[in-house]
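The values are calculated or read from the model by the stated rules, or taken from the named source; none is laboratory data. Treat the numbers as computed from the prediction; the structure is a model and nothing was measured. Every residue, glycine among them, receives a Cβ derived from its backbone with ideal geometry; neighbour counts consider all protein chains shown. Accessible surface is based on the protein model in full, side chains and every heavy atom, while ligands, DNA and RNA are left aside. Shrake-Rupley method; radii C 1.70, N 1.55, O 1.52, S 1.80 Å.
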Amino acid sequence: VHICIVNLRSFIMESLSALSLGLWVAMVLVEDGSQLGMMTHYAGIRGALITVAPHGILEMTALVVNAGATLAFLHVSLKQLEQRNLPSKVLVRTHVTLTLAAMMLLVCAAAVEAYITPLLIQLWLTR
């Protein structure tokens, strides 16, 4: 549950990054990339694959989908506001759909991180 809450908190902050004109999206992606780089440096490629890949594929996909949806929403909304129009219902619906799908991926990633990744790490350390 804790892992899921931490992931969702980061995800929500990324979703709200439209208020920061997308700067928060960039910071979240850079931070995640830095953590992956550190893990690879200390555990090696094999260790990083065993410890990060099972949940990382889902987690990074969710974060990138959310980042893309948020930046696209921001871009189109600003263009529509320039023309004195409100963002369209289709745009809002698409953004909400992508955000919910990415949140479901994050919940799945948290379950994998909590239950499967520790087993893989244990197998890796005892080999």
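Let me have the relative contact order for the chain, percent, based on Cα pairs under 8 Å that are six or more residues apart.
38
How far apart, in nm, are two points set 7 Å out from the Cα along the Cα-to-Cβ line at residue 108 and at residue 41?
Result: 3.2 nm between the two label points.
Dipole magnitude of the range 32-106 about its Cα centre, charges +1 at Lys/Arg Cβ and -1 at Asp/Glu Cβ only, in debye to the nearest 20?
The calculation lands at about 260 debye.
If I compute Cα extents along the principal axes in Å from the structure I just sent, which labelled value in [x] 63, 25, 19; [y] 61, 27, 23; [z] 36, 30, 24 lines up?
[x]
Between the range 97-123 and the range 19-73, what is the C-alpha centre distance in whole Å?
13
At 1.4 Å probe size, with the rest of the protein present, what percent of the exposed accessible area of the chain is carbon and sulfur atoms?
In the chain, the share of accessible area belonging to carbon and sulfur is 74 percent.
So, with +1 on the Cβ of K and R and -1 on the Cβ of D and E, and no other charges, what is the size of the charge dipole of the chain about its Cα centre, to the nearest 20 debye?
240
State, to one decimal in nm, how far the label point of residue 93 lies from the label point of residue 31, with both points 7 Å from Cα in the Cβ direction.
Output for this residue pair reads 3.4 nm.
I'd like to know which of 88, 48, 33 lies farthest towards the positive end of the charge dipole of the chain, counting +1 on Cβ of Lys and Arg and -1 on Cβ of Asp and Glu.
Sorting the options by dipole projection puts first 88.
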